[in-house]
Structures are given as structure tokens and as C-alpha cells.
Amino acid sequence: ISIEPGKFVMGSPPTEEGRFNDEDQRSVMLNIGYSIGQTEVTQGLWEEVMKYNPSSIPDCGGSCPVDNISWCDAVVFSNKLSEKEGRDLVYTLPSGFHVGLTERQCNDLSVLVVTNWRSSGYRLPTEAEWEYAARANNSEWIYSGSADLNYVGWHSFNSGKQSHRVCQK
């Protein structure tokens with residue numbers, strides 16, 4: 001999905017259920033357009049790029065979202081997917097940065113990651129980019145596409161505690 005630069009309001013309206021005190025609404029300007037995947041990264045795509053499946057429920061199948069990965073794992077995946085498609089890498093990674101780092105190692109090394117925001121490669125969205133895409137510039141939506149979680153997402157009360165294929169809600 002392609003998103004044009006522009007100004008929008010991010011954060012939670014004061015009346016939003018489950019809102020924390022530090023989630024005040026504020027205006028944000030996205031200066032650069034970007035593209036974002038329509039769904040989560042699937043187990044199938046992860047396995048194609050990374051050659052293994054880290055998911056806690058791998059028998060869900062290739063159309064289910066990948067899980068059991070860290071931010072550091074996602075950065076390595078983004079660079080490998082960029083490389084696979086002949087795009088410029090977004091992230092310059094420090095020595096010793098790889099998939100499977102402990103939380104402490106990831107935290108220590110993540111401050112050394114350099115991001116080229118103008119690269120043609122794949123990267124993780126910023127918080128503002130993700131929220132803009134998820135809310136579709138509708139500040140009344142609590143969740144991606146609706147104010148009703150049951151309508152748009154699987155969670156512990158409606159999923160049978162199972163992973164589900166992407167694009168089913």
C-alpha cells in the first residue's frame with residue numbers, strides 16, 4: 001500500500017477505551033511517502049528469505065503471520081529481503097548483529113544500527129507510519145480499520161488461542 005506524505009493526527013482520543021495517560025493526540029507530518037505491506041510478514045515469506053521458520057505455531061502454515069522474532073531479527077530479515085530483490089539495503093548493521101540475539105545483545109547493538117531513510121530497500125515502519133497506515137487517517141479507529149477489535153483482529157478471546165491466516169479479518 002502506498003502512502004503519500006502529509007499531516008495527520010496520531011495518538012488516542014481522550015475517550016478511547018484502554019487509553020494510557022501518555023497517549024495524547026498530536027499532529028505529525030510525514031515528509032516522505034512510503035509503502036507498507038498489506039499484511040504481516042507470513043511464515044512462508046520468512047522461510048523463503050531466511051531458510052527457517054521461527055514461529056511458535058509453524059503448523060499453522062505459510063499464510064500465517066510469522067511470530068517469535070525480535071526487532072533485531074526483523075531488521076536482518078528486511079535487509080535479506082532487500083538483497084534478494086536487488087534493492088539497496090536500508091540498515092547498516094554493526095559487527096555481531098545477527099538473527100537470534102538475546103534481548104540484551106539486541107538492545108546493546110540496536111543503538112549502532114544506521115538507517116538510510118532514502119533507500120529503496122525494505123525497512124520497519126516508524127511508529128507514526130504504522131499508526132497512519134493502521135488508522136487510515138481516521139483518528140477514531142482504535143484498531144486497524146475499525147473501533148471493533150473483533151471485526152478486524154484475532155485475540156485471546158476469539159482466536160481459540162491459535163494463529164490464523166492473514167487477511168481473514
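In region 34-78, the portion of solvent-accessible area held by carbon and sulfur atoms comes to 51 percent [1.4 Å probe, whole percent, DNA, RNA and ligands not counted]. Suppose a student asked you for the relative contact order of the chain, using Cα pairs under 8 Å spaced at least 6 residues apart; what percent would you report? Relative contact order for the chain comes out at 22 percent. Could you tell me how far the Cα centroid of region 38-113 sits from the Cα centroid of region 145-169, in Å? A separation of 23 Å, based on Cα centres. Just check the chain against the gyration tensor rule for me: Cα atoms, a ≥ b ≥ c as the square roots of the eigenvalues, rounded for a/c under 1.5, and otherwise prolate or oblate depending on whether a/b exceeds b/c. Oblate, because a/c is 1.5 or more while a/b does not exceed b/c. Once the C-beta distance of Glu17 and Ser56 is scaled by a Förster radius of 41 Å, the resulting FRET efficiency is 0.90 to the nearest 0.05. Using a 7 Å offset from the Cα along the Cα-to-Cβ direction at both Ala136 and Arg104, what is the distance between the two label points in nm, to one decimal? Label at Ala136, label at Arg104, 4.5 nm between them. Projecting the Cα positions of Gly11, Asn21, Asn31 onto the charge dipole of region 1-56 (unit charges on Cβ atoms of Lys, Arg, Asp and Glu, taken about the Cα centre) puts Asn31 furthest along the positive direction.
Converting phi to 3J(HN,Hα) with the Karplus coefficients 6.51, -1.76 and 1.60 and the offset θ = phi - 60°, region 149-165 yields 4, 4, 6, 10, x, 8, 8, 4, 8, 10, 9, x, 6, 10, 6, 10, 4 Hz in sequence order, with x at every glycine or proline. Taking all protein chains together and a 1.4 Å probe, the residues Thr102, Thr15 rank Thr15, Thr102 from largest to smallest accessible area. Placing +1 on the Cβ of every Lys and Arg and -1 on the Cβ of every Asp and Glu, with no other charges, gives the chain a dipole of roughly 340 debye about its Cα centre. Probing with 1.4 Å while keeping every protein chain in the model, the per residue accessible area of region 65-139 equals 59 Å². Considering only Cys64, Gly100, Ser82, and ranking their Cα positions along the charge dipole of region 52-116 that arises from unit charges at the beta-carbon of Lys, Arg, Asp and Glu, the one farthest toward the positive end is Ser82.
The values are calculated or read from the model by the stated rules, or taken from the named source; none is laboratory data. Everything numeric in this text was worked out from a predicted model, so none of it was measured. Cβ: placed from backbone, ideal geometry, glycine included. Neighbour counts: every protein chain shown. Each accessible area value is taken on the protein alone, full model and side chains, heavy atoms only, with ligands, DNA and RNA left out. Shrake-Rupley method; radii C 1.70, N 1.55, O 1.52, S 1.80 Å.
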